[in-house]
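**Q** Input: one structure, supplied below.
The values are calculated or read from the model by the stated rules, or taken from the named source; none is laboratory data. Quick caveat, the model's predicted, so the values are computed rather than measured. FYI the Cβ positions are ideal-geometry reconstructions off the backbone, even for glycines, and counts take in every protein chain you see.
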Amino acid sequence: MALYVQALKSSSEVGSSSIDQIQSQKAPTTGLGFTGLAPLDASRLTFTHTANSRAVPLSNSPEVLSGETCTDHMITCQWTASGGWLAPELKPYGPLSLMPTSSSLHYAIQCFEGLKLYRGFDGRLRLFRPFRNAVRMLDSAKRISLPSFRPEEWVKLVAKLCAVDGPKWLPKERSGHFLYIRPTLISNDPSLSVKRPAKALFYIVISCLPAVDEREKGLRLLASQADMVRAWPGGFGYVKLGANYGPSMLAGDEAKKKGFEQILWLFRNENGIREVTEAGASNFMLVWRTREGRLQLATAPLDRQIFLDGITRRSILDLARERLSGDSDGGEGGEKIEIKERRLSMDDIVAACEEDRIVEAFAVGTSYFVSPVSLIQYGEKALEIPMVEGSTGVYARLFKAWLKAIMYGLEKHDWAYLVDSKE
């Protein structure tokens, strides 16, 4: 499995041609969790279209703000330990049927992904680096004892649902907008025994969600208390499991009651030093000057596997290395910058604030996209973070603009995956 996943990670991410390239590679059937069993196969997808098509809500309407509105259809696919993956079904959106003893309800045997469908300014529908999501979900499934799958089949199923519901729910007149896609894999094994599940359900829904990255005053972050931690080495913070999210909501609610948008999660290392890991469920990035005067983009490294390998984080690092470092000219107001994946302690950040070396900071992820940070409350210290352009900093603006250009078709790029919607 490791070799196959590594091949996917290093492959080109061209939209239409990427899937052809990866399809041409014969994936091994051993070590992927379905030896001798039926693999996940998008070509077997059956279609049952809804007879009760619903109205598409207006942008930022109460229906969208609630996060409860999904498109007309969903895809489901059953897996059994005795037979492997059954034929996936595209069918009307509606309730799932689970027995009360399903182990996902008792032992949190579930994982999920989050990505977006974008309506480009050229009228085309696009996904952004979907193979990254597929491989990450494969890692999550392995960690939580759920069945494996071929990532290219996962991507094809996501694209097929987007092709069916995208034209209506994200029409061409809504260029520059998105829908949120939630692929999910759960155990539906009706057993209270604490064991690897013998049944699982993979499903995909598409939801209408508002953009949450536009804030005039920036994000206000409350540093987590010393007796609270979101993830730890040897745990599962590096994969996208439901068990990572529920326990963090209490701290998030407390932060909001105090006037903050999110928790800045800290981790006390082996030397007792408190290090930054995540901002809410997003990655945290900082632009500052070192004491030697070098401009640096810094973010915590992945080596301890205590937070998610965010696709937005990875993309920003890739773009920064390509366009803001080495032989690049900095472009569009951005000075050349050193990129550093390094441990960030709160002591370092406090010192940089006191010495006026902080340039800007931002939280990045699928939901928050690129959200500038204006303040970090660390104990009694209120650390003000510059936003030199009013509602943003220079680098948050640059990264957001570069990513949007790819997502919405203003720049041709290998990361964009075109959805064939036959409009």
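**Q** Among the residues of the stretch 163-194, what is the count of those that are in a strand (DSSP E or B) and among the hydrophobic types (A, V, I, L, M, F, W, C)?
**A** Total meeting the criteria: 5.
Conditions (1) in contact with a Pro (Cβ under 7 Å, 6 or more places away or on another chain); (2) surrounded by 16 or more Cβ atoms within 10 Å (Cβ to Cβ); (3) touching a residue at least 12 places away in the same chain (Cβ under 8 Å), marked per residue:
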{"site": "Asp253", "(1), (2), (3)": "no, no, no"}
{"site": "Ile273", "(1), (2), (3)": "no, no, yes"}
{"site": "Val276", "(1), (2), (3)": "no, yes, yes"}
{"site": "Phe284", "(1), (2), (3)": "no, yes, yes"}
{"site": "Val287", "(1), (2), (3)": "no, yes, yes"}
{"site": "Glu292", "(1), (2), (3)": "no, no, no"}
{"site": "Leu297", "(1), (2), (3)": "no, yes, yes"}
{"site": "Pro301", "(1), (2), (3)": "no, no, yes"}
{"site": "Ile311", "(1), (2), (3)": "no, yes, yes"}
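**Q** Tally up the residues in the stretch 344-376 that are modelled with pLDDT under 95 and surrounded by fewer than 22 Cβ atoms within 10 Å (Cβ to Cβ), please.
**A** Qualifying residue count, the stretch 344-376: 1.
**Q** When Thr299 is evaluated against the numbered criteria (1) in contact with a helix residue (DSSP H, G or I) (Cβ under 7 Å, 6 or more places away or on another chain); (2) more than 30 Å from Ala134 (Cβ to Cβ); (3) among the polar types (S, T, N, Q), which criterion, by number, is the only one it fails?
**A** (2)
**Q** Select the strands (runs of 3 or more DSSP E) contained entirely in the stretch 83-157, then report the ones holding at least 3 residues which are surrounded by fewer than 18 Cβ atoms within 10 Å (Cβ to Cβ).
**A** 89-92
**Q** Restricting attention to strands (runs of 3 or more DSSP E) lying wholly within the stretch 197-301, give those where 1 or more residues are among the aromatic types (Phe, Trp, Tyr), modelled with pLDDT of 90 or more and within 20 Å of Ile181 (Cα to Cα).
**A** It comes to 199-207.
**Q** Could you list, in sequence order, all residues of the stretch 262-296 that are touching a helix residue (DSSP H, G or I) at 6+ places or on another chain (Cβ under 6 Å) and more than 18 Å from Glu355 (Cβ to Cβ)?
**A** Ile263, Arg274, Asn283 - these are the residues of the stretch 262-296 that are touching a helix residue (DSSP H, G or I) at 6+ places or on another chain (Cβ under 6 Å) and more than 18 Å from Glu355 (Cβ to Cβ).
**Q** Within the stretch 403-416, track down each residue that is at negative phi and surrounded by fewer than 23 Cβ atoms within 10 Å (Cβ to Cβ).
**A** Leu403, Lys404, Ala405, Ile406, Tyr408, Leu410, Glu411, Lys412, His413, Asp414, listed by residue number.
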